[in-house]
1. Give region 389-412 a look and list any residue that's buried (at least 20 other Cβ atoms within 10 Å of the Cβ) and in a helix (DSSP H, G or I), or say none.
2. Here are some conditions: (1) out of contact with any strand residue (DSSP E or B) (no Cβ under 9 Å at 6 or more places or on another chain); (2) not in a helix (DSSP H, G or I). Val316 meets all but one. Which one does it not meet?
3. Which numbered condition trips up Val279, out of (1) surrounded by fewer than 16 Cβ atoms within 10 Å (Cβ to Cβ); (2) out of contact with any helix residue (DSSP H, G or I) (no Cβ under 8 Å at 6 or more places or on another chain); (3) farther than 27 Å from Arg65 by Cβ?
4. Give Ala169, Ala174 a once-over and let me know the one that is surrounded by 15 or more Cβ atoms within 10 Å (Cβ to Cβ), over 18 Å from Leu494 (Cβ atoms) and within 17 Å of the chain's Cα centre (by Cα).
5. Determine which single condition Leu299 fails, assuming it passes every other condition in (1) in contact (Cβ under 8 Å) with a residue 40 or more places away in the chain; (2) assigned to a helix (DSSP H, G or I); (3) of a type outside the set (D, E, K, R).
6. So Leu189 passes all but one of these: (1) of a type outside the set (Ser, Thr, Tyr); (2) at negative phi; (3) surrounded by 19 or more Cβ atoms within 10 Å (Cβ to Cβ). Which condition number does it fail?
7. Just to be sure before I move on: is Arg331 assigned to a helix (DSSP H, G or I), at pLDDT 95 or above and farther than 30 Å from Gly252 by Cα in the structure I sent?
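The values are calculated or read from the model by the stated rules, or taken from the named source; none is laboratory data. Note that this is a predicted model, so its numbers are computed, not measured. Because the Cβ atoms are built from the backbone with ideal geometry, glycine has one as well, and the counts that use them run over all protein chains shown.
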Amino acid sequence: MLRSAESGIASRRGGLIVFGAAVAAFAVESVGLPAIPGRDFGTYLRFYLQMADWHSVFPMSMLFRTPLAPIVVGVPLDLTGGWGAQVVFTLLFAASVLAWTRVALAFGNRAALVTAVALILYPGYGILFHELASDAVAAAAFAGWALTLRRAVARPTAARFAVVGLMVAAAALARPGNQALVALAIVPLALSIPLRQRIACVVTCVAAAAVVLGGWAVNNGLRYDDYTVARGGTAYLPFFRAFTSDHIVAPGNGPASRKLADAVRKDLLPQEPYRSYGVTLHDFFARGSDREFEDLLGLSDRIWGWNSDYAELRKVGLEAVRAHPATYARRVTGTVLRELWHPLFVALPEKSAPTASAPTSSAPASGPAGASTGDTIVVNGKTLPRPTGGELIPAAHQGFYSTTPDGSIHEVWTSPTAHTIVLSDPADQRRFDQIDARRSRLTSRVPPYAGSVWLTRQFSRSSKLFPPPLLWLVAGAAGLVVRRPRGALLAIALALGALILVVFNALMIYTIIAFAIPLAPALIVFGAAGLVGERRAAQTGR
């Protein structure tokens, strides 16, 4: 039976069987785990609901995200509800498994069979497609990129590498950081083809990606006053990580850091909620998190201008890295290793989710003002609600998506915890209310059924039993050295693509396992190629 499966996997019938098996496995998982809102789900809906508006009420929500995930999440949810979205993501999962199986055929039928079985049984990969977010869409786009690369390497032509470039653009429009895949446009230089053809392949690959992404940047510039694929990257690399996770940003790091500290002291700390919660400048930098980072984006836009594109924050981040290079390198390495080793877990959403931005922490709050009792904290003699998650403040003074080129959105604070969004233009305020109402209606459509907490928990726990991506990487590397299978260039390119993206993300942000799971199939294929891929000798002996 195993030999039959191995010999037939390269056929069209074998492909249909792989696709059907993936659908069946996903359906079994779906008994307990329905389609649920994924990370930042609401932001994708907000993007989707404003796509037809030439003038966006929240330009930052359109600039920070790219369009592919909002379309794939929003369209089926809007037209067919939660059930329709679940069907679409089921098909995306099966198509991705089939694509990776076809990629692995470059190393022989046995490698393809191992890849298909591994991905169908991989709990983390299945979990990814049960969550409506960019992670699953990015996983499908990455699979498409790998398949086009495999075909281009097998029969290299400028046209085929142009398609690879288009898939790089598609991957970037699913997740902006995937633009780093353009680095692998150099793959043709290692192929055994004439130099002129190699150069043509590289140029067409880069050009195809540049045309699509450049077109999207022009769209953003004309509509939202920022000619970029996605706004905010300047603030993230390396500042976001240095500030929120590594906590190496400090006024003493350099002139840009002192300039930022002065702006925080004058512009932020006297405002709510910082004022009531007694946040000091030392606290702000020593314990800064996502909420404080949101305020720094707004601060940068107000003080240094929308068109500065957070250049001052990048300078601060670079000063922090120069001042603490070992800490930054150690933390980045730790993130890479954790993302390649730790499993992905999932839980069904609570029926009555809290309105706060993070779950309530059971850890005592440690504010500058001293004591905490239960869900309250005493600050300068005042009893206040304790910020969730052990944070310094209950929410950012101005939310991430409230910053605009003209300052037309304000967040008005009426108490240390109560605040509301106010738009200067009454028409924009009405449009905001409409968007918010539609977003609430769409959100209510998922999950389409209750699911099972117990089954979801068992499915989630099973993730720990699957070999982690790092193990596939090590096994594949050893196999490539010892066994010397055919197609080593493609195997290395796929693994390198995955590692480039994992490291690139780690340079910007703390550990998020869901960032690495879309890339894990490349390492599984790499491992399968090294362990069971056909050897070069076997190939030449035919």
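1. Passing the criteria: Tyr401, Ser402.
2. With (1) out of contact with any strand residue (DSSP E or B) (no Cβ under 9 Å at 6 or more places or on another chain); (2) not in a helix (DSSP H, G or I) applied to Val316, the lone miss is (2).
3. So Val279 meets the others, but not (1).
4. On the way: Ala174 fails: over 18 Å from Leu494 (Cβ atoms).
Among Ala169, Ala174, only Ala169 is surrounded by 15 or more Cβ atoms within 10 Å (Cβ to Cβ), over 18 Å from Leu494 (Cβ atoms) and within 17 Å of the chain's Cα centre (by Cα).
5. (1)
6. (3)
7. No: the conditions fail for Arg331.
To keep it simple, each residue is scored yes or no on (1) crowded, with 24+ Cβ neighbours inside 10 Å; (2) free of Cβ contacts under 8 Å to residues at least 12 places away in the same chain; (3) small (Gly, Ala, Ser); (4) not in a helix (DSSP H, G or I).
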{"position": "Ala94", "(1), (2), (3), (4)": "no, no, yes, no"}
{"position": "Leu119", "(1), (2), (3), (4)": "yes, no, no, no"}
{"position": "Gly126", "(1), (2), (3), (4)": "yes, no, yes, no"}
{"position": "Ala146", "(1), (2), (3), (4)": "yes, no, yes, no"}
{"position": "Ala159", "(1), (2), (3), (4)": "no, no, yes, no"}
